[in-house]
Every structure is written in structure tokens, then in C-alpha cells.
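Working notes for the structure below.
The values are calculated or read from the model by the stated rules, or taken from the named source; none is laboratory data. Keep in mind that what you see is a predicted model, and the values were worked out from it rather than measured. Cβ: placed from backbone, ideal geometry, glycine included. Neighbour counts: every protein chain shown.
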Amino acid sequence: MMKRVIYLFLSVVLLLSLLPIGCQLGQEAKLNLYGMDPVTLDPAVSGEMLSHEYILQIFGGLVCLDDNLEPAPNIAREWEISNDGRTYTFYLRKDVKFHDGRKVTADDFKYSLERACDPDTRSLTAATYLGDILGVKEVITGQTKEISGVRVIDDYTLQITIDTPKSYFLSKLTYPTGFVVDRQEAESGGEWWRQPNGTGPFKLKEWQEENLLVLEKNKHYYGEKAEVGSVVFQLWGGVPMNMYEVGEIDVSDVYIHYIDKVTDRTGPFYQELQIVPELSFSYIGFNHTKPPFDDVNLRRAFSQAIDKDKLVSLVFRDMMQRADGILPPGIPGFNESLSGLDYDVNEAEELIANSKYGSVDGLPPITITTIGWGGLISQGLEAIVYEWRQNLGVEVKVRQLEPQ
């Protein structure tokens, strides 16, 4: 399923955006948002969007994604790619500073990339996003401390060599693992990231766990400066829509229980509604190494026994759309004409009959594992398990694992 995010913006935000050209938001304007505590603010360690929400505002890298999700200059103002497609020469801006005023140089990037790959950092993302660079594997496995494919040419020129030409390499560098950090701070030990010295458009001003997190505008930011003086995250402050309704926050996700209220054209929220792709998708994975999904006929049968269109309309209230591929709308490479497996119970039954198991009576016990607590599963998964029972006559057991 491809998910769409539905937002509400307070009318004051809309009114401010409609001011005549030349008017500016006040430098001390404050944006109030709902939030949750980040797991970490260390770019090399972070591997989930909860932490990235803050890290992307506090830190920066060589390149970033533009509005079309294509790699664009960030701290690197430009770059050259060698004829064989393996060597990238980045030319850094000379006006980039850490929040404490120290200038950012190519040495800072070399240190940050090597630190991310150091086994002592315990990054779970370094191999994925930096593993194309020559010498990264040797650093990750503890054979050496320096990445052979990263070379400082001068203070503002950095050269990176990868193993083979890859058109997506620049896109991988936009992930926080490749962001620059302050060496002196990172080597101070402990949870240094609780007072991070980054390069991004905002600085961390205050963090009271489970209560408040405040980002303050970086007045010396090298790029387009923020139009608000601060962003205040109310951590675990309550139900976001309720907080929005009473004016405690300025923007809120809309969850399924509120969809009727916000889509009512005569209601107070409709004019404040924004609907955008979430750039994510949900799926159920079959373990093809174990019975019964070691047989492709079973994998196809279970897929074709799910009516995704009915799930979208009845369970998800059209807040999602059916997915026929792994790329959601808005992601480069999304193919609108791609066709997935059709909902066809008769064909699903034939596939099971043609499988090595012959019928559902020959299937071993089937368990689906999901995240959660207390035996309560999502409405979507509940509906899918029900369809397998009704359409195929198969009882699937749900196993829950609590998040770590």
C-alpha cells in the first residue's frame, strides 16, 4: 500500500503565506509541532526517520535532495565525475561553518566518513550507504582506520573513489551517514550528540526528554535561511489532532479516525487540508526459504487472495492507494503503468492446487510476525488475515514482537 499524508495547517500559517510580496515572517516567529524524542542525534548512528526529522535540520552533507528528489549541491557547491565514472571530486563552499563558528573543511568530511565506518561507532547504516567507496569494507571490518577511497586534495576539495560506476552513488550520500560532524565534539565521548555542533539551518537550543525539544534558527547558515526563529516540538504532548484543534500546534497529521471530520467540505478544517504522498509503502514479505512459501505458487496465491482495492476503500478510507510496485508516487523511477498481481480467488485456488502441497490441507502452520504490544494488531493486518481465511480457507497465526 502506498500511503498519503494528510496535514492540517492552522489558518494563521496560510494567511502569513498569502501576505503581499516583500512581507517577511517575523524573525522571532515560532512554529509549534508535535514530536517524539529522537533515538539519537548522531548522524552516523541514526537509522530511522524519528531521529532523522531532527538530524536533517541540525546537520548537513556534501549533497542533498532537491524538491524533485534529485541530488543537489549542499556543502559541496559542485563536483566532477571522472570519465570512468568512479572518482568524484567535490568542491566545498568556503562559507560553511559549524554552529560554533569554526569553518568546515575537507578534513572534516574525511574524518566524519571514517568515523561512521569505524566499528567502535556501531553504525548500522555505514555499509549500506558508504560501502561503495574503496576501502570502506576494510575500515568496517577493523583492518584499517583510513578509507583508501577518500582523499583530501586541499582544504576545500575532497575526492571520493568508488569500486564501480553507480548512477545512484550521489543519492546515497544524501543519507545522514555521510553528514559532517565536529571531530572535537565527537571525540569527547559519551552522548555528545545531546548538544550537537552541526552545520544545518537550525541549532538544538533545548531538549527536555518526553516534554520539549526546541530548534533555534542558525543565523549564519550558508543556504536559504529559515523564516521562523524557532521550531518547538511538544514531545508526547497528546493526540496531535486534538492539540491542533485547540491551537497548541500549527501542523498535524490526520489519522483515520479524523478523516470524516477534515474532509467535510462544510467543516472548519477543510480549507486547511493538504494531501501529499508520504513516499513510503507497506508490504508483507514471504520467507521463500521455508515451507510453504518456498513454492512460488503459494506466494502468488496468497498475494492474489487479497483485495487491495477493498482494503484501500474500506479499511484505510482512501488514505492509501494500492501498490503495484515497490516505488511510491513521488520517488524517482515510479512507474504509474506498472501492473501488479490481480485479485483473483479462483486463480489463487488453482495455484495452490498446482503447488507441491496440492491443497490447503497439506500446508504447514503459517505465522506472520509483526510489531506491537498486547495482542492488538492493526486493522489492515486483521483484514488481510480475514481475507486469507475467507478466500483460501487458511488460518494464519499472528505473532507480535515488541519494539526494542
Return yes or no: is A323 touching a Phe, Trp or Tyr at 6+ places or on another chain (Cβ under 9 Å), at pLDDT below 95 and surrounded by 15 or more Cβ atoms within 10 Å (Cβ to Cβ)?
yes
Is it the case, given these coordinates, that G149 is buried (at least 20 other Cβ atoms within 10 Å of the Cβ), in contact with a Gly (Cβ under 6 Å, 6 or more places away or on another chain), under 16 Å from S171 (Cα atoms) and touching a residue at least 12 places away in the same chain (Cβ under 8 Å)?
no
Considering only residues of the range 118-128 that are of a type outside the set (D, E) and surrounded by fewer than 21 Cβ atoms within 10 Å (Cβ to Cβ), which is farthest from Y175 (Cα to Cα)?
P119
Just a yes or no: is a residue in the range 320-334 touching a helix residue (DSSP H, G or I) at 6+ places or on another chain (Cβ under 8 Å), outside the structural domain of L298 (by TED's automatic domain parsing), assigned to a loop (DSSP other than H, G, I, E, B) and over 21 Å from N287 (Cβ atoms)?
yes
For the range 32-89, give me each residue that is of a type in the set (G, A, S), over 19 Å from E185 (Cβ atoms) and surrounded by fewer than 23 Cβ atoms within 10 Å (Cβ to Cβ).
G35, G47, A72, S82, G85
Within the range 82-104, does at least one residue satisfy the condition of being in contact with an Asp or Glu (Cβ under 9 Å, 6 or more places away or on another chain) and in a helix (DSSP H, G or I)?
no
Could you tell me whether any residue of the range 257-266 is outside any loop (DSSP other than H, G, I, E, B), touching a strand residue (DSSP E or B) at 6+ places or on another chain (Cβ under 6 Å), surrounded by fewer than 13 Cβ atoms within 10 Å (Cβ to Cβ) and in contact (Cβ under 8 Å) with a residue 40 or more places away in the chain?
no
Filtering the range 15-49 down to residues that are out of contact with any strand residue (DSSP E or B) (no Cβ under 7 Å at 6 or more places or on another chain) and charged (D, E, K, R), which residue is modelled with the lowest pLDDT?
E28
